[in-house]
Amino acid sequence: MDVITGRFSAILTFVQQGGWVMVPLVLSSIVALTVCIELAIALRRRRIIPGALSQAIEQLASAAGASELASRVEKDRSPLANVVRSILMNRSLPRLENQEELLLAGRQEAHRLERGLIALEIIAAIAPLLGLLGMVDVFDVVSKEGIGQAATLSVGIKKALYTTVMGLIVAIPCLIAHSCFGKRVDDLVLQIERYATLLLNKLYLAGPSGKPKAPRPAAGSETG
């Protein structure tokens, strides 16, 4: 308990010695941590690509099962379900037109998945710049008292170093998190595209016209 208290006191002292610049840096770190937790929860595969839905797409035998798949995604709001819903709503269109609608739906879902990444990117960019604002106190001392006041100047330099270090402490994890979550989003988008292409191939079995193949008549149904 004493060790934890001592470390907390050291961190508090470190923040206090950095001056007012530490306030936006600490707030930025809190925002970044919140975004990282939200992304870790939101980008779980089962929330983006539900296992039951992906399995239903893989097991779809023909276009005849599209109505059952449509009822499955009716109330599902996962990104894969939204893309599948777009494909099924436009399955009466030629394949190329359906693919265009699919691209629009896919871009919208990718944009939603990338929302938190923008915040991490901004924080990673501005945190070091905020840290450099600590140099303002050094220049203020030099302008008022000249460079001969070594003691006062050293205090200003120390404060500037604290804020610079704090800016890097905030920025580096944000940059790493942005890279990791960005890779995660790319992987999920590729998997969504894979299932969407698989569904299109199953719905549009015939070919050059781009329209779904008509079902074959059952044996013995022909009249002579």
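The values are calculated or read from the model by the stated rules, or taken from the named source; none is laboratory data. Because the structure is predicted, anything quoted here is derived from the model rather than measured. Cβ: placed from backbone, ideal geometry, glycine included. Neighbour counts: every protein chain shown.
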Only one of (1) under 30 Å from V165 (Cβ atoms); (2) over 18 Å from the mean Cα position of the chain (by Cα); (3) free of Cβ contacts under 8 Å to residues at least 60 places away in the same chain does not apply to I122, and that is (2)
If you check R184 against the conditions, is it out of contact with any Pro (no Cβ under 6 Å at 6 or more places or on another chain), at pLDDT 85 or above and either more than 30 Å from S92 (Cβ to Cβ) or assigned to a loop (DSSP other than H, G, I, E, B) (or both)?
yes
Is it the case that some residue within the stretch 44-65 is touching a residue at least 24 places away in the same chain (Cβ under 8 Å), within 30 Å of G131 (Cβ to Cβ) and loosely packed, with under 14 Cβ neighbours inside 10 Å?
no
Any chance R72 is more than 18 Å from L190 (Cα to Cα) and not in a helix (DSSP H, G or I):
no
